[in-house]
Amino acid sequence: MNRRNFLRTGALSAASVSVLPSVFNMTHKKHGHIGVQLWSVREDIKKDAKGALAQLASFGYKNVESGNYADGKFYGFTPKEFKAMLDEAGLKMPSGHAATMSKYYDSATGISDGWKTAVESALTVGQKYIINPYMQEPDRKTEDQLKHMIETYNKAAQYAHTQGLKFGYHNHDFEFQKVGDQQIFKQLLEGCDKSLVDFEMDLYWVVKAGENPIDWIEKYPGRFKLFHMKDMAKTATKETIEVGNGSIDFNDILKHRKTAGTEYYIVELENYLTSPLQGVHESLTNLRKLDNYPF
């Protein structure tokens, strides 16, 4: 199951910690706002969350991004419990995914308790951004449905802002399809309040949709505060692969990072040649070799 199917069905992600050879337990002096999406190592998290987080820190990661928030918990742990594990590993979690569904806002009743709890949980673990990871298909079939979701995002972002938290939207490839006479992504960028709603550009999905990330960055400067650093295999199926081993020109994209307004760069793997932990380690190693490595 890939991550998009997981989000579509609303299933809870699982995760497991494999012990890697000591050659992978490297630390680096050079670091910055680079992190890893924990969906990449979900099986490792399920088996031994503390061990998996410690491994990620040993590779040189300073930040992580949650990919599993459900029922007020992160990977089955309360926000306080998960924050304690992050602290023990020496990690921060500046961003995390939490589904922002249509049920979270109604023009008559306002913001739901479910969204308020999600914001409170994000603040407890130290997040700066709460990111909507996916728009369910029933919420984007018609122009009216899409308009309601844009209003929902604006209201959800407004509430998050009052609590000291920033709101973001993470794209897949469907956003580059049209609802009405315009692409969903264009409608989101222009309909969402730019003072409240930021975007986490998933570079893989933009390219997979046949689009050029740089074109969107130049057209909407300052809107993309986070990048998902996810590479595309040079195969017919174009699956994800360790960053640096695929076809996406990260060097060229990173030349435009200031125009994009990007602050956080987050490695994510859905497919890999080795193992999840080795894959995210190799991705970080490859990123550090880039001429435009911004950290």
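Some notes on this structure:
- Residues being under 27 Å from Leu287 (Cβ atoms), open to solvent by 20 Å² or more (accessible area, probe 1.4 Å) and either of a type in the set (Phe, Trp, Tyr) or not in a loop (DSSP other than H, G, I, E, B) (or both) - total across the stretch 52-106: 11
- Qualifying residue in the stretch 173-188 (condition: farther than 30 Å from Asn63 by Cβ, part of a loop (DSSP other than H, G, I, E, B), open to solvent by 10 Å² or more (accessible area, probe 1.4 Å) and not acidic (Asp, Glu)): yes
- Selection of strands (runs of 3 or more DSSP E) fully inside the stretch 192-295 by the criterion of at least 2 residues being of a type in the set (Val, Ile, Thr) and modelled with pLDDT of 95 or more returns 264-267.
- Flag for Ile217 being open to solvent by less than 20 Å² (accessible area, probe 1.4 Å) and over 28 Å from Phe59 (Cα atoms): yes
- Residues (in contact (Cβ under 8 Å) with a residue 40 or more places away in the chain, assigned to a helix (DSSP H, G or I) and either surrounded by fewer than 20 Cβ atoms within 10 Å (Cβ to Cβ) or not hydrophobic (A, V, I, L, M, F, W, C) (or both)) located in the stretch 158-172: Tyr159
- Residues of the stretch 194-214 classified as under 21 Å from Lys255 (Cβ atoms), among the β-branched types (Val, Ile, Thr) and within 17 Å of the chain's Cα centre (by Cα), total: 2
- Taking every residue in the stretch 107-124 that is farther than 22 Å from Ala84 by Cα and without any contact (Cβ under 8 Å) to a residue 40 or more places away in the chain and pairing it with any residue that is of a type outside the set (Lys, Arg) and part of a helix (DSSP H, G or I), at least 6 positions away or on another chain, the pairs with Cβ-Cβ distances below 8 Å are Ser112/Tyr104; Gly114/Tyr104.
- Any hit, the stretch 109-120, residues being assigned to a loop (DSSP other than H, G, I, E, B) and buried (at least 18 other Cβ atoms within 10 Å of the Cβ): no
- Contacts under 8 angstrom Cβ, first residue in the stretch 226-249 being within 28 Å of Met93 (Cα to Cα) and without any contact (Cβ under 8 Å) to a residue 24 or more places away in the chain, partner in a loop (DSSP other than H, G, I, E, B) and among the small types (Gly, Ala, Ser), 6 or more apart: Gly246/Ala233
- Taking the conditions (1) in a helix (DSSP H, G or I); (2) surrounded by fewer than 18 Cβ atoms within 10 Å (Cβ to Cβ); (3) over 20 Å from the mean Cα position of the chain (by Cα) in turn, Lys155 satisfies each one other than (2).
The values are calculated or read from the model by the stated rules, or taken from the named source; none is laboratory data. What you are looking at is a predicted structure, and each value in this text was computed from that prediction instead of being measured. We place every Cβ from the backbone using ideal geometry, glycine too, and count neighbours over all the protein chains shown. With ligands, DNA and RNA removed, areas are computed over all heavy atoms of the protein, side chains included. Shrake-Rupley method; radii C 1.70, N 1.55, O 1.52, S 1.80 Å.
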